[in-house]
Amino acid sequence: MSLVVKKEKKPKHPYIEKKKGVCGGEPVIAGTRITVSLIVELERSGNSVDDIVAMYPHITHAQVYDTLSYYYDHKKKIDKIIEENKEAYWMEKTKDEGWRK
C-alpha cells in the first residue's frame, strides 16, 4: 500500500497583482493603484466592505474580500509594509541622517 501526499496549493487571488513600477511593487487590486495595505488599514479603522466600496466605487465587493483574503494569506509581509509606511518608522530609521538636522 502506497501513501500519496498531495501538496497543498496556495490559494489564487484573481483580483490581486504586483507590478514593477506600480505602488513600489506592493500588491494592489488589479487594474488599480489601491494597495492591499490600504484596504487592510481601512478595515482595521472600522470601515466595512460596504464602506470601502462606497469610498472607491470603481472596485467591487469581491475585490475587497479577495484583498482581505490575500492579506490573511500573506499577513507577515503586509504587516511589515504597513509598519514601514508609518511616520514613526521613518523618523527612527533616518534620525542620524544629515538632511534631518
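Read-outs: derived from the displayed coordinates by stated rules, not from any lab. As the structure is a computational prediction, the values presented were derived from the model and not from experiment. Neighbour counts run over all protein chains shown; Cβ positions are idealised from the backbone, glycine included.
With respect to the cross-link table entries K20/K86; K12/K86; K12/K75; K18/K76; K19/K86; K12/K77, which display a Cα-Cα separation exceeding 20 Å?
Table pairs above 20 Å Cα-Cα are K20/K86; K12/K86; K19/K86.
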**Prompt:** Residues with amide H under 5 Å of I16's amide H, sequence separation 5 or more or different chain, H placed in the peptide plane at 1.01 Å from N; which?
**Reply:** A30
**Asked** Which whole-Hz ³J(HN,Hα) couplings does the range 78-85 yield from phi under the Karplus relation 6.51 cos²θ - 1.76 cosθ + 1.60, θ = phi - 60°, glycine and proline marked x?
**Response** 6, 4, 5, 4, 4, 4, 6, 8
**Message:** Calculate log10 I(q)/I(0) of the chain for q = 0.10, 0.12, 0.18 Å⁻¹, where I(q) comes from the Debye formula with a single equal point scatterer on each Cα and nothing for solvent.
**Reply:** -0.38, -0.51, -0.88
**Request:** Sum -39500 (n - 2.57) across every DSSP H segment of at least 4 residues in the chain, then divide by the residue count to get the 222 nm mean residue ellipticity, nearest 500.
**Result:** -13000 deg cm²/dmol
**Asked** Quick one: if you stick a label point 7 Å off each Cα along the C-beta vector at W99 and H61, how many nm between them?
**Response** 4.5
**Prompt:** What ³J(HN,Hα) values, in whole Hz, does the Karplus curve 6.51 cos²θ - 1.76 cosθ + 1.60 give for the range 39-48 when θ = phi - 60°, with x put for Gly and Pro?
**Reply:** 4, 4, 5, 5, 5, 5, 8, x, 7, 7
**Item:** Added length on full extension, which subtracts the Cα-Cα distance from 0.36 nm per residue, R33 to E87
**Value:** 17.4 nm
**Request:** Find the relative contact order for the range 16-90 and round it to a whole percent, using C-alpha pairs within less than 8 Å whose residues are 6+ positions apart.
**Result:** 24
**Item:** Those GluC sites (Glu not before Pro) in the range 1-82 that DSSP places in a loop and that have at most 11 other beta carbons within 10 Å
**Value:** E8
